[in-house]
Amino acid sequence: MILRKLIMVGIIALMVFAGGIPLLNQRNFKEVAVKGPGITEVFKLSKYFEGIKGTIADTDVFVFKGQEEGGKVLLMAGTHENEISAMLTAFLFLENLTVQKGTVYLIPHFNYSGSLGTQPGGGFPLYYSFKTPWGEKKYRMGDRGLQQLDQWPDPDVYVHYPDKQLLSYIDARNTNRSWPGRPNGFLAERITYAAMQMMKEEKIDVAIDLHEAEVMFPVTNCIVVPDQSRQIALGVSMSVKAKEKFENHLEPSPSSFRGLSHREIGDYSDTLPFLFESPGPGLDQITGPKTNELLMSGKDGFILEASKYGILYVPYDETGWSMEKRVGQHASLALEVIKQFSRRNPDRTLEVSGPRYPEIVEKGLGSFFTDPSTVDPSMIIYQ
Ligand SMILES: [Zn+2]
(Lines give C-alpha, C1' and ligand atoms only; values in the text may rest on other atoms or scores of the structure.)
Protein backbone atom coordinates (compact mmCIF):
# COMPACT_ATOMS: atom_id res chain seq x y z
CA MET A 1 0.00 0.00 0.00
CA ILE A 2 2.72 2.44 1.02
CA LEU A 3 4.78 1.38 -1.97
CA ARG A 4 1.89 2.15 -4.31
CA LYS A 5 1.48 5.61 -2.74
CA LEU A 6 5.19 6.26 -3.05
CA ILE A 7 5.09 5.29 -6.72
CA MET A 8 2.13 7.64 -7.23
CA VAL A 9 3.98 10.50 -5.51
CA GLY A 10 7.00 9.72 -7.67
CA ILE A 11 4.96 9.81 -10.88
CA ILE A 12 3.33 13.12 -9.91
CA ALA A 13 6.71 14.61 -8.97
CA LEU A 14 8.09 13.48 -12.32
CA MET A 15 5.17 15.04 -14.19
CA VAL A 16 5.58 18.34 -12.33
CA PHE A 17 9.31 18.28 -13.00
CA ALA A 18 8.93 17.37 -16.69
CA GLY A 19 6.25 20.04 -17.13
CA GLY A 20 8.35 22.66 -15.39
CA ILE A 21 11.58 22.20 -17.37
CA PRO A 22 10.30 23.80 -20.62
CA LEU A 23 8.95 26.75 -18.60
CA LEU A 24 12.28 27.18 -16.84
CA ASN A 25 14.11 27.00 -20.17
CA GLN A 26 11.77 29.62 -21.62
CA ARG A 27 12.40 31.93 -18.66
CA ASN A 28 16.13 31.61 -19.20
CA PHE A 29 16.04 31.85 -23.00
CA LYS A 30 17.78 34.96 -24.36
CA GLU A 31 16.57 36.71 -27.48
CA VAL A 32 19.45 37.72 -29.74
CA ALA A 33 19.77 40.93 -31.70
CA VAL A 34 22.64 42.66 -33.48
CA LYS A 35 23.51 46.18 -32.41
CA GLY A 36 22.45 48.52 -35.20
CA PRO A 37 24.51 51.51 -36.38
CA GLY A 38 22.15 54.00 -34.70
CA ILE A 39 22.65 52.87 -31.08
CA THR A 40 24.85 55.28 -29.13
CA GLU A 41 24.28 54.12 -25.55
CA VAL A 42 22.51 51.45 -23.48
CA PHE A 43 21.48 51.79 -19.86
CA LYS A 44 18.98 50.40 -17.40
CA LEU A 45 15.67 52.04 -16.58
CA SER A 46 16.72 52.14 -12.90
CA LYS A 47 18.93 55.10 -13.87
CA TYR A 48 15.83 57.15 -13.13
CA PHE A 49 14.54 55.24 -10.12
CA GLU A 50 16.71 53.14 -7.82
CA GLY A 51 13.63 51.29 -6.55
CA ILE A 52 13.72 48.83 -9.45
CA LYS A 53 17.50 48.29 -9.45
CA GLY A 54 18.42 44.63 -9.19
CA THR A 55 14.85 43.49 -9.85
CA ILE A 56 13.61 41.64 -12.92
CA ALA A 57 11.82 44.86 -13.89
CA ASP A 58 15.06 46.73 -14.56
CA THR A 59 14.90 46.67 -18.34
CA ASP A 60 17.33 47.95 -21.00
CA VAL A 61 16.92 51.37 -22.57
CA PHE A 62 18.64 51.82 -25.96
CA VAL A 63 19.62 55.34 -26.95
CA PHE A 64 19.84 56.62 -30.53
CA LYS A 65 21.37 60.08 -30.29
CA GLY A 66 21.78 62.17 -33.41
CA GLN A 67 24.74 64.39 -34.29
CA GLU A 68 22.56 67.41 -33.74
CA GLU A 69 20.56 68.26 -30.61
CA GLY A 70 16.80 68.19 -31.03
CA GLY A 71 13.56 66.75 -29.66
CA LYS A 72 13.31 63.52 -27.65
CA VAL A 73 11.07 60.50 -28.24
CA LEU A 74 10.51 57.41 -26.09
CA LEU A 75 9.39 54.23 -27.85
CA MET A 76 8.07 51.45 -25.62
CA ALA A 77 7.29 47.89 -26.69
CA GLY A 78 6.38 45.00 -24.44
CA THR A 79 3.93 46.76 -22.17
CA HIS A 80 1.89 43.65 -22.98
CA GLU A 81 4.40 40.94 -23.80
CA ASN A 82 1.93 38.74 -25.70
CA GLU A 83 1.36 41.47 -28.32
CA ILE A 84 4.24 40.39 -30.48
CA SER A 85 4.19 42.87 -33.36
CA ALA A 86 5.16 45.51 -30.78
CA MET A 87 8.36 43.71 -29.73
CA LEU A 88 9.24 42.82 -33.33
CA THR A 89 8.96 46.50 -34.26
CA ALA A 90 11.38 47.30 -31.43
CA PHE A 91 13.80 44.59 -32.58
CA LEU A 92 13.52 45.88 -36.16
CA PHE A 93 14.40 49.38 -34.93
CA LEU A 94 17.26 48.10 -32.76
CA GLU A 95 19.04 46.95 -35.91
CA ASN A 96 17.80 49.51 -38.45
CA LEU A 97 16.94 52.86 -36.88
CA THR A 98 19.25 55.82 -37.37
CA VAL A 99 18.88 59.29 -35.91
CA GLN A 100 20.43 62.35 -37.49
CA LYS A 101 18.88 64.93 -35.17
CA GLY A 102 17.37 64.63 -31.70
CA THR A 103 17.25 61.50 -29.53
CA VAL A 104 15.16 58.32 -29.58
CA TYR A 105 15.01 56.07 -26.51
CA LEU A 106 13.84 52.53 -27.24
CA ILE A 107 12.67 49.97 -24.68
CA PRO A 108 12.01 46.56 -26.33
CA HIS A 109 10.68 44.87 -23.16
CA PHE A 110 8.96 47.51 -21.06
CA ASN A 111 7.46 44.80 -18.84
CA TYR A 112 10.45 42.46 -18.88
CA SER A 113 8.94 40.08 -16.34
CA GLY A 114 5.94 39.62 -18.63
CA SER A 115 8.24 38.39 -21.39
CA LEU A 116 9.49 35.46 -19.30
CA GLY A 117 6.45 33.22 -19.51
CA THR A 118 3.32 32.94 -21.54
CA GLN A 119 -0.32 33.11 -20.46
CA PRO A 120 -1.16 30.02 -18.40
CA GLY A 121 -3.92 28.00 -20.06
CA GLY A 122 -3.98 30.28 -23.10
CA GLY A 123 -2.70 27.57 -25.43
CA PHE A 124 0.06 29.78 -26.80
CA PRO A 125 3.41 28.32 -27.86
CA LEU A 126 6.35 29.13 -25.57
CA TYR A 127 8.22 30.77 -28.45
CA TYR A 128 7.44 32.46 -31.71
CA SER A 129 9.74 32.73 -34.67
CA PHE A 130 10.11 33.83 -38.27
CA LYS A 131 12.44 33.07 -41.12
CA THR A 132 15.30 35.21 -42.37
CA PRO A 133 17.56 34.60 -45.37
CA TRP A 134 20.16 33.08 -42.99
CA GLY A 135 17.97 31.12 -40.55
CA GLU A 136 15.27 31.44 -37.94
CA LYS A 137 14.82 34.21 -35.37
CA LYS A 138 13.21 33.05 -32.16
CA TYR A 139 11.61 34.99 -29.30
CA ARG A 140 9.89 34.25 -25.99
CA MET A 141 6.10 34.36 -26.11
CA GLY A 142 5.16 36.50 -23.14
CA ASP A 143 2.07 37.34 -21.13
CA ARG A 144 -0.04 40.44 -20.67
CA GLY A 145 1.06 41.08 -17.10
CA LEU A 146 4.10 40.53 -14.90
CA GLN A 147 4.77 36.92 -13.97
CA GLN A 148 3.35 35.93 -10.59
CA LEU A 149 6.83 34.67 -9.80
CA ASP A 150 7.91 38.31 -9.82
CA GLN A 151 4.88 40.03 -8.29
CA TRP A 152 2.81 38.04 -5.82
CA PRO A 153 0.21 37.78 -4.35
CA ASP A 154 -2.50 39.54 -6.36
CA PRO A 155 -4.82 41.78 -4.33
CA ASP A 156 -8.58 41.00 -4.20
CA VAL A 157 -9.20 44.26 -6.02
CA TYR A 158 -6.57 46.52 -7.59
CA VAL A 159 -6.98 50.09 -6.40
CA HIS A 160 -5.40 52.44 -8.92
CA TYR A 161 -2.99 55.03 -7.56
CA PRO A 162 -3.60 57.96 -7.20
CA ASP A 163 -7.14 57.92 -8.61
CA LYS A 164 -8.46 55.10 -6.35
CA GLN A 165 -10.44 53.65 -9.27
CA LEU A 166 -11.22 49.98 -8.59
CA LEU A 167 -9.85 47.66 -11.26
CA SER A 168 -9.64 43.91 -11.72
CA TYR A 169 -7.18 42.14 -9.38
CA ILE A 170 -5.27 40.93 -12.44
CA ASP A 171 -4.52 44.51 -13.49
CA ALA A 172 -2.25 44.93 -10.47
CA ARG A 173 0.33 43.21 -12.73
CA ASN A 174 -0.62 45.16 -15.87
CA THR A 175 1.81 47.94 -16.80
CA ASN A 176 -0.91 49.60 -18.82
CA ARG A 177 -3.07 50.07 -15.72
CA SER A 178 -0.30 51.14 -13.36
CA TRP A 179 0.53 54.59 -14.78
CA PRO A 180 1.64 57.04 -13.41
CA GLY A 181 2.95 54.63 -10.79
CA ARG A 182 4.46 55.23 -7.36
CA PRO A 183 7.82 54.50 -5.76
CA ASN A 184 6.55 52.17 -3.03
CA GLY A 185 3.76 50.35 -4.89
CA PHE A 186 3.53 47.05 -6.73
CA LEU A 187 6.46 46.25 -9.02
CA ALA A 188 4.21 47.19 -11.99
CA GLU A 189 3.67 50.63 -10.41
CA ARG A 190 7.40 51.04 -9.81
CA ILE A 191 8.13 50.32 -13.50
CA THR A 192 5.76 53.03 -14.71
CA TYR A 193 7.02 55.37 -11.98
CA ALA A 194 10.58 54.89 -13.28
CA ALA A 195 9.41 55.67 -16.82
CA MET A 196 7.57 58.80 -15.60
CA GLN A 197 10.76 59.94 -13.86
CA MET A 198 12.66 59.35 -17.10
CA MET A 199 10.19 61.41 -19.12
CA LYS A 200 10.42 64.29 -16.66
CA GLU A 201 14.21 64.22 -16.22
CA GLU A 202 14.99 63.85 -19.92
CA LYS A 203 12.20 66.21 -20.96
CA ILE A 204 10.82 63.65 -23.40
CA ASP A 205 8.54 65.30 -25.96
CA VAL A 206 6.70 62.24 -27.26
CA ALA A 207 6.05 58.79 -25.76
CA ILE A 208 4.82 56.00 -28.01
CA ASP A 209 3.44 52.79 -26.49
CA LEU A 210 3.21 49.90 -28.99
CA HIS A 211 0.46 47.31 -28.67
CA GLU A 212 -1.58 44.75 -30.58
CA ALA A 213 -5.28 43.99 -30.10
CA GLU A 214 -7.89 41.39 -30.99
CA VAL A 215 -9.73 42.00 -34.26
CA MET A 216 -13.06 41.44 -32.48
CA PHE A 217 -12.21 44.23 -30.01
CA PRO A 218 -13.25 47.76 -31.04
CA VAL A 219 -9.97 49.42 -30.04
CA THR A 220 -7.80 47.86 -32.73
CA ASN A 221 -5.93 49.08 -35.80
CA CYS A 222 -5.85 52.56 -34.30
CA ILE A 223 -3.96 55.29 -32.48
CA VAL A 224 -5.26 56.12 -29.00
CA VAL A 225 -4.60 59.69 -27.92
CA PRO A 226 -5.66 62.31 -25.39
CA ASP A 227 -6.72 65.77 -26.61
CA GLN A 228 -3.24 67.28 -26.65
CA SER A 229 -1.90 64.59 -29.05
CA ARG A 230 -4.93 64.55 -31.35
CA GLN A 231 -3.79 67.01 -34.02
CA ILE A 232 -0.53 65.18 -34.60
CA ALA A 233 -2.29 61.79 -34.62
CA LEU A 234 -4.83 63.05 -37.11
CA GLY A 235 -2.03 64.25 -39.41
CA VAL A 236 -0.32 60.86 -39.04
CA SER A 237 -3.48 58.89 -39.81
CA MET A 238 -4.21 60.92 -42.94
CA SER A 239 -0.61 60.88 -44.13
CA VAL A 240 -0.16 57.08 -43.93
CA LYS A 241 -3.51 56.55 -45.61
CA ALA A 242 -2.61 58.84 -48.50
CA LYS A 243 1.03 57.83 -48.97
CA GLU A 244 1.29 54.25 -47.71
CA LYS A 245 -2.28 53.09 -48.29
CA PHE A 246 -3.13 51.69 -44.89
CA GLU A 247 -5.97 52.65 -42.60
CA ASN A 248 -5.47 53.60 -38.97
CA HIS A 249 -8.20 55.49 -37.18
CA LEU A 250 -8.07 57.61 -34.04
CA GLU A 251 -9.56 56.64 -30.69
CA PRO A 252 -9.90 59.23 -27.90
CA SER A 253 -8.27 58.37 -24.59
CA PRO A 254 -11.14 58.20 -22.08
CA SER A 255 -10.54 60.49 -19.12
CA SER A 256 -12.54 58.27 -16.76
CA PHE A 257 -10.52 55.10 -17.31
CA ARG A 258 -7.37 55.32 -15.25
CA GLY A 259 -3.91 53.83 -15.31
CA LEU A 260 -3.36 53.76 -19.08
CA SER A 261 -0.27 55.26 -20.70
CA HIS A 262 -2.25 57.42 -23.16
CA ARG A 263 -4.11 58.97 -20.22
CA GLU A 264 -1.68 59.28 -17.31
CA ILE A 265 1.51 60.26 -19.19
CA GLY A 266 -0.35 63.27 -20.57
CA ASP A 267 -1.97 64.10 -17.25
CA TYR A 268 1.20 63.81 -15.16
CA SER A 269 3.91 65.18 -17.47
CA ASP A 270 4.49 67.48 -20.43
CA THR A 271 5.14 64.47 -22.70
CA LEU A 272 2.64 63.83 -25.50
CA PRO A 273 1.45 60.21 -25.34
CA PHE A 274 0.42 57.98 -28.28
CA LEU A 275 -0.67 54.35 -28.10
CA PHE A 276 -0.73 52.24 -31.27
CA GLU A 277 -2.84 49.09 -31.63
CA SER A 278 -2.09 46.80 -34.56
CA PRO A 279 -4.61 44.04 -35.37
CA GLY A 280 -3.56 40.68 -33.87
CA PRO A 281 -5.99 37.94 -34.92
CA GLY A 282 -3.92 35.40 -32.95
CA LEU A 283 -5.06 37.11 -29.73
CA ASP A 284 -8.77 36.54 -30.39
CA GLN A 285 -10.57 33.88 -28.35
CA ILE A 286 -12.33 32.14 -31.24
CA THR A 287 -9.34 31.04 -33.31
CA GLY A 288 -8.10 27.53 -33.98
CA PRO A 289 -4.89 26.32 -32.30
CA LYS A 290 -2.53 29.15 -31.32
CA THR A 291 0.28 28.10 -33.61
CA ASN A 292 3.32 30.12 -34.61
CA GLU A 293 1.85 30.26 -38.11
CA LEU A 294 -1.34 31.88 -36.78
CA LEU A 295 0.58 34.36 -34.62
CA MET A 296 2.76 35.42 -37.53
CA SER A 297 0.33 35.34 -40.47
CA GLY A 298 -2.91 36.23 -38.70
CA LYS A 299 -4.65 33.66 -40.90
CA ASP A 300 -7.50 31.77 -39.25
CA GLY A 301 -10.61 30.06 -40.59
CA PHE A 302 -12.81 30.95 -37.62
CA ILE A 303 -11.90 34.64 -37.84
CA LEU A 304 -12.59 34.48 -41.57
CA GLU A 305 -16.02 33.01 -40.80
CA ALA A 306 -16.63 35.75 -38.21
CA SER A 307 -15.75 38.39 -40.80
CA LYS A 308 -18.75 37.27 -42.87
CA TYR A 309 -21.04 38.26 -39.99
CA GLY A 310 -19.56 41.74 -39.82
CA ILE A 311 -18.38 41.34 -36.23
CA LEU A 312 -14.73 42.25 -36.82
CA TYR A 313 -13.36 45.76 -36.44
CA VAL A 314 -10.88 45.41 -39.30
CA PRO A 315 -11.21 44.29 -42.92
CA TYR A 316 -10.30 40.60 -43.15
CA ASP A 317 -9.92 37.97 -45.86
CA GLU A 318 -7.99 34.72 -46.44
CA THR A 319 -4.70 36.63 -46.59
CA GLY A 320 -4.98 37.18 -42.81
CA TRP A 321 -3.03 40.00 -41.24
CA SER A 322 0.67 39.35 -41.74
CA MET A 323 3.40 40.31 -39.30
CA GLU A 324 4.88 42.42 -42.10
CA LYS A 325 1.73 44.54 -42.22
CA ARG A 326 1.46 44.82 -38.44
CA VAL A 327 5.12 45.70 -37.86
CA GLY A 328 5.07 47.91 -40.97
CA GLN A 329 2.14 49.88 -39.57
CA HIS A 330 3.83 50.34 -36.20
CA ALA A 331 7.09 51.43 -37.82
CA SER A 332 5.47 53.89 -40.21
CA LEU A 333 3.18 55.35 -37.54
CA ALA A 334 6.10 55.89 -35.15
CA LEU A 335 8.26 57.55 -37.81
CA GLU A 336 5.32 59.63 -38.96
CA VAL A 337 4.51 60.82 -35.41
CA ILE A 338 8.13 61.96 -35.12
CA LYS A 339 7.87 63.77 -38.46
CA GLN A 340 4.58 65.47 -37.69
CA PHE A 341 5.72 66.46 -34.19
CA SER A 342 8.88 67.99 -35.68
CA ARG A 343 6.87 69.93 -38.24
CA ARG A 344 4.76 71.49 -35.47
CA ASN A 345 7.65 72.11 -33.06
CA PRO A 346 10.53 73.74 -34.98
CA ASP A 347 12.60 74.19 -31.81
CA ARG A 348 12.35 70.48 -30.92
CA THR A 349 12.73 68.73 -34.26
CA LEU A 350 14.03 65.23 -34.88
CA GLU A 351 15.33 63.57 -38.02
CA VAL A 352 14.94 59.83 -37.85
CA SER A 353 15.19 57.16 -40.55
CA GLY A 354 14.06 53.57 -40.48
CA PRO A 355 12.16 50.97 -42.51
CA ARG A 356 8.52 51.79 -43.21
CA TYR A 357 5.38 49.88 -44.17
CA PRO A 358 5.79 49.55 -47.97
CA GLU A 359 9.39 48.38 -47.72
CA ILE A 360 8.70 45.92 -44.88
CA VAL A 361 5.68 44.41 -46.67
CA GLU A 362 7.63 44.13 -49.91
CA LYS A 363 10.93 42.73 -48.62
CA GLY A 364 9.64 40.68 -45.69
CA LEU A 365 10.56 41.16 -42.05
CA GLY A 366 13.43 38.66 -42.10
CA SER A 367 15.43 40.68 -44.61
CA PHE A 368 16.00 43.47 -42.08
CA PHE A 369 17.87 41.31 -39.55
CA THR A 370 21.60 40.60 -39.49
CA ASP A 371 22.96 37.10 -38.91
CA PRO A 372 24.47 37.24 -35.38
CA SER A 373 27.05 34.59 -36.30
CA THR A 374 28.67 36.98 -38.76
CA VAL A 375 29.37 39.86 -36.37
CA ASP A 376 31.83 40.55 -33.58
CA PRO A 377 30.50 39.18 -30.22
CA SER A 378 30.61 42.73 -28.81
CA MET A 379 27.85 43.63 -31.28
CA ILE A 380 25.40 41.07 -29.91
CA ILE A 381 22.51 42.22 -27.77
CA TYR A 382 20.78 39.75 -25.45
CA GLN A 383 17.27 40.48 -24.27
ZN1 LIG B 1 -1.83 45.89 -25.19
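The values are calculated or read from the model by the stated rules, or taken from the named source; none is laboratory data. A quick note: this is a predicted structure, and the numbers were derived from the prediction, not measured. When we count neighbours, we look across all protein chains shown, and the Cβ atoms used for this are built from the backbone with ideal geometry, even at glycine. When the accessible area is computed, the model is the full protein with side chains, heavy atoms only, and any ligands, DNA or RNA have been set aside. Shrake-Rupley method; radii C 1.70, N 1.55, O 1.52, S 1.80 Å.
Some notes on this structure:
- Residues of segment 173-187 classified as assigned to a loop (DSSP other than H, G, I, E, B) and either within 16 Å of the ligand (Cβ to nearest atom) or of a type in the set (F, W, Y) (or both), total: 7
- Exactly one residue out of T79, T89, T40 is of a type outside the set (K, R) and open to solvent by 10 Å² or more (accessible area, probe 1.4 Å), and it is T40.
- Of the strands (runs of 3 or more DSSP E) lying entirely inside segment 1-112, the ones with 2 or more residues being among the charged types (D, E, K, R) are found at 41-44, 60-65, 68-76.
- Answer from Q100, Q147, Q119 - the residue that is surrounded by fewer than 15 Cβ atoms within 10 Å (Cβ to Cβ) and not hydroxyl-bearing (S, T, Y): Q100
- Unique match (being under 20 Å from the mean Cα position of the chain (by Cα) and without any contact (Cβ under 8 Å) to a residue 40 or more places away in the chain) among L250, L275, L210, L283: L250
- Filter result (on the phi > 0 side of the Ramachandran plot and buried (at least 22 other Cβ atoms within 10 Å of the Cβ)) within segment 179-228: G181, N221
- Given (1) within 16 Å of the ligand (Cβ to nearest atom); (2) in contact with a strand residue (DSSP E or B) (Cβ under 9 Å, 6 or more places away or on another chain); (3) not acidic (D, E), number of the condition S113 does not satisfy: (2)
- Counting residues in segment 202-225 that are touching a Ser or Thr at 6+ places or on another chain (Cβ under 9 Å), away from the ligand (no atom under 15 Å from the Cβ) and more than 21 Å from F276 (Cα to Cα) gives one or more.
- In a residue-by-residue description of segment 268-291, the property of being open to solvent by 20 Å² or more (accessible area, probe 1.4 Å), more than 24 Å from R177 (Cα to Cα), in a helix (DSSP H, G or I) and modelled with pLDDT of 95 or more applies to no position.
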